[in-house]
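A single structure is presented below for examination.
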Amino acid sequence: MTTAAANGVNVDALLEAREVLKGAPEAAQFTWRASSRWQHGVHSEIKIHNYFGLGQEQSHLEESVFQADHPEVFAATDNGITPIEYLLVGLASCLSAGVASVAQNRGIQLRSVESVVEGNHDIRGILGADSDVRNGFNDIKVTFTIDADASREDIEALVAQSQKRSAVFDALTNPTDVTVEVA
Amino acid sequence: MTGTAAERFTVVVVGAGHAGLAASYFLSQRSIDHVVLERGEVANSWRRERWDSLRLLTPNWQSRLPGLRYEGADPDGYMTMREVTEFIERFAKVCAAPVRTGVNVTSVRPDGDGYRVTTDQGEIAARAVVIASGACNRPSVPALAGLVPSGAAQFTPFDYRDPSALPDGGVLVVGASATGVQLAAEIRRSGRPVTLSVGEHTRLPRTYRGRDVLWWMDAAGVWDQRYDELDDLTRARRLPSPQLVGTPEHSTLDLNALSATGVDLVGRLAAVRDGQALFSGGLRNVFSLADLKMNRLLGTFDEWATTAGRDDEFDAPSRFPSTRVPEKSRTRLDLGSGEIRAIVWATGFRPDYGWLDVPVVDGKGQLRHDGGVVDRPGLYALGLPVLRRRKSTFIHGIEDDAREVIGHLAGFLQG
């Protein structure tokens, strides 16, 4: 399934992996890991390097280090973005990767893909100011601006299919069982 | 070989619905001796396992079986279950199918160069077996049904006949395929507040450009798309049934029609936790996916009409309004508060192969087959979704499938 589009996504490899993993569900089990170390105040440093997948330990080419803090309006030091903003980073990058992959698979050449992700958040929840207000986002809006060799309808279909296959979209829209323990 | 004396037939057909009877029609045509075993009566599932108001989704003129077509006064109408039953009974008579009713098959297992079929009335040895026992033997209910608090009564389409069986109060219908939208509409009409949980679905208008949408499927060749030509057969076979209803008014029953009657739309039911139903926040995207897909299909029809030079015969091409997103869609519902008194699981059906003692069923409970040729010599299937064509599970879809599958079977018998 090769196409003329050059978006830089190796779709053949993805489709091959899909076929292989159909018959080997155990190899499809991945565990992603982040390690966090509290710094000071509400500032933490998070490192990501290793993960588990395809039946064995794997590692990224390089370790990535992230700073998470809170802004000055929260009376904090603002050494990095707010934890909840990392969710926006995840959603935007996941959907964009999806758009590129689906476009490649459908032979659509992309020229630019930009998105703005807005998460509406009532902070009375986390402050405990109103117990009826939830802690997390009330809603999230993603606005894509895409320049590509395709009709508006085809572009809308790219964006729809990208949501359909997005790990982060699923993680944000569906409940996930979360365990937090003290080691 | 076991020593028990058994009756012998060249072929045993399991099930006397339209699929099993069509198999019988083509077996008779080839003078292959056979018997059709039916646990209940002819067309049993249509008689006993459907709700009262159900009508066929396909218009009457499309209801055709080998050697039998609709000859009534309302070719554009949709058959009630009673009419479907009568139609299939007539087919059984016309083709003089050797049906034995009230015979329950309890086991089919390999035996020598054929199969041993055990029934509650004895044993039959056969060279080949045609599985025509249906694709919808059991309602498919998700495991999370077990977490629903006892205050909400639970129903499946098998034990639902009409709204009067439901307790008074709010009803949550889970699933928005043909079953879910039909039941949601009917329950809403009974005056009950209805919440409909919507995952991926197939939206279709009842009529387009003045013709039934299934007329277009037929004319434009969509029905005849073959299983071995589809990009993703697994997906095509799992596709939810389209949001259609057969009514004398030919009305469209999409989500816009439902929300106009006051049905609340929520996302796919993702979990039940502490007595709360949690729904996906991805409702907008399942709407987009369905709208885009419907528009692509309508585009296919338009293209066909133009290419065939028949544009003048129909109303001008048009598009339907997008599915309206509810202003505020709930992502949780307290199932213990008394707001929801009943849950109807319109979450699909699955076949039951509990009696099939041949290792040809996959981990998901589906038969492993290639266009009805099951993964073991002499074993065949008919009447499953996209068995050989998109139309396979529809009544008019059985003729081509049965002819080809029985053709293969005849070749097998000749070695």
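As I understand it, the dipole of chain B uses +1 on the Cβ of Lys and Arg and -1 on the Cβ of Asp and Glu, about the Cα centre. Which of B:Val373, B:Pro66, B:Ser164 lies farthest toward its positive end?
Selected residue: B:Ser164.
While we're on this one: Let me know the Kirkwood hydrodynamic radius for the stretch B:38-154, please, with Cα pairs as the basis and the value in Å to one decimal.
The Cα-based Kirkwood calculation yields 17.4 Å.
Tally Lys/Arg at +1 and Asp/Glu at -1 over every other residue whose Cβ is under 11 Å from the Cβ of B:Ala6; what's the total?
Working: positive: B:Arg8, B:Arg116; negative: B:Glu7, B:Asp111, B:Glu123.
Computed value for this residue: -1.
Moving to a separate point now. Please find, in a Gaussian network model of chain A (springs between Cα atoms separated by less than 10 Å), the residue of A:Lys164, A:Lys47, A:Lys22 whose mean-square fluctuation is greatest.
Among A:Lys164, A:Lys47, A:Lys22, the largest GNM mean-square fluctuation belongs to A:Lys22.
Roughly how many debye, to the nearest 20, is the charge dipole of the stretch B:140-345 about its Cα centre, given +1 on each Lys and Arg Cβ, -1 on each Asp and Glu Cβ, and no other charges?
680
How high is the FRET efficiency from B:Val360 to B:Asp74, r the C-beta distance, R0 45 Å, rounded to 0.05?
Given R0 = 45 Å and the Cβ-Cβ separation, E is 0.60.
Under the definition of partner shielding as Cβ atoms of other protein chains within 10 Å of a residue Cβ, what is the mean value for peptide B:288-299?
3
Here is a follow-up. Return the tail of the calculated pair distribution for the stretch A:11-81, meaning the percent of Cα-Cα pairs more than 14 Å apart.
Values: 1718 of 2485 pairs.
When all Cα pairs of the stretch A:11-81 are counted, 69 percent exceed 14 Å.
Read phi for every residue in the stretch B:278-295 and hand back ³J(HN,Hα) as whole Hz from Karplus 6.51 cos²θ - 1.76 cosθ + 1.60, θ = phi - 60°, with x for Gly and Pro.
10, 10, 4, x, x, 4, 4, 6, 5, 5, 4, 4, 6, 5, 4, 5, 4, 5
If amide H atoms are built 1.01 Å from N in the plane of the peptide, which residues on other chains or at least 5 residues away come under 5 Å of the amide H of B:Arg332?
B:Phe279
Now for a separate question. Please give the charge dipole size of the stretch B:162-242, origin at the Cα centre, charges +1 on K and R Cβ atoms and -1 on D and E Cβ atoms. Round to the nearest 20 debye.
For this selection, approximately 300 debye.
What's log10 of I(q)/I(0) for the protein assembly as shown at q = 0.13 Å⁻¹, Debye sum over Cα points only, no solvent?
One equal scatterer on each Cα of the protein assembly as shown leads to -1.51.
Filter A:Lys22/A:Lys141; A:Lys22/B:Lys328; B:Lys293/B:Lys328 down to the pairs with a C-alpha to C-alpha distance above 31 Å, please.
Table pairs above 31 Å Cα-Cα are A:Lys22/A:Lys141; A:Lys22/B:Lys328.
Also, I was wondering about something else. Need one number: nm distance between label points at B:Asp274 and A:Ile46, each 7 Å from Cα along Cα→Cβ, rounded to one decimal.
2.4
Measuring from a point 7 Å past the Cα of B:Ala316 along Cα-to-C-beta, which residues in the stretch B:161-205 have an amide N at less than 20 Å?
Under 20 Å, as judged by backbone N against the label point of B:Ala316, lies no residue of the stretch B:161-205.
Moving to a separate point now. Between the stretch B:237-280 and the stretch B:287-343, how many Å separate their Cα centres?
The stretch B:237-280 and the stretch B:287-343 have Cα centres separated by 11 Å.
If I model a spin label as a point 7 Å beyond the Cα along the Cα-Cβ vector, how far apart are those points for A:Asp149 and A:Glu57 in nm?
The two pseudo-label positions are separated by 4.6 nm.
Which listed residue (A:Leu61, A:Ile48, A:Ser35) has the Cα farthest towards the positive end of the charge dipole for the stretch A:1-70, taking +1 on Lys and Arg C-beta and -1 on Asp and Glu C-beta about the Cα centre?
With unit charges placed on the Cβ atoms, the residue in question is A:Ser35.
Please state, to two decimals, what the Cα-based radius of gyration of the stretch B:233-386 comes to when divided by 2.2 N^0.38 Å (N = residues).
Numbers: Rg = 20.9 Å, N = 154, 2.2 N^0.38 = 14.9 Å.
With N residues counted in the stretch B:233-386, Rg over 2.2 N^0.38 Å equals 1.40.
Just order B:76-83, B:99-106 by mean Cβ neighbour count inside 10 Å, highest at the front, would you?
B:76-83, B:99-106
Can you give the local net charge around B:Thr101? Use residues other than it whose beta-carbon is closer than 14 angstrom to its beta-carbon, Lys and Arg +1, Asp and Glu -1. Walk me through the numbers on the way to the answer.
Details: positive: B:Arg39, B:Arg47, B:Arg48, B:Lys93, B:Arg100; negative: B:Glu38, B:Glu41, B:Glu89, B:Asp120.
Net of charged neighbours comes to +1.
OK, next. Net charge around B:Ala305, counting only other residues with Cβ within less than 14 Å of its Cβ (Lys, Arg = +1; Asp, Glu = -1)?
So the surrounding residues net to -4.
Could you tell me which trypsin sites (Lys or Arg not before Pro) in the stretch B:204-281 are loop residues by DSSP with no more than 12 other beta carbons within 10 angstrom of their beta carbon?
Details: sites: B:Arg206, B:Arg209, B:Arg211, B:Arg226, B:Arg235, B:Arg237, B:Arg238, B:Arg268, B:Arg273; in loops: B:Arg206, B:Arg209, B:Arg268.
For trypsin sites (Lys or Arg not before Pro) across the stretch B:204-281 that sit outside H, G, I, E and B with at most 12 neighbouring Cβ atoms in 10 Å, the list is empty.
What are the extents of the Cα atoms of chain B along their three principal axes, listed from largest to smallest and rounded to whole Å?
68, 59, 39
For all pairs of alpha-carbon atoms in chain A, what percent lies in each bin of width 5 Å, listed from the first bin to the last filled one?
Whole-percent P(r) values from 0 Å outward: 1, 7, 11, 14, 18, 17, 14, 10, 6, 3, 1, 0.
Would you mind giving the mean number of other chain beta-carbons within 10 Å of the Cβ of each residue in B:324-332, as a whole number? Mind showing how you got there, number by number?
Numbers: counts 0, 0, 0, 0, 1, 1, 0, 5, 1.
Mean number of neighbouring Cβ atoms from other chains: 1.
Bear in mind that the values in this text are calculations on the coordinates, not laboratory data. Remember, predicted model here, so these are calculated numbers, not experimental data. All Cβ positions, glycine included, derive from the backbone under ideal geometry; neighbour counts span all protein chains shown.
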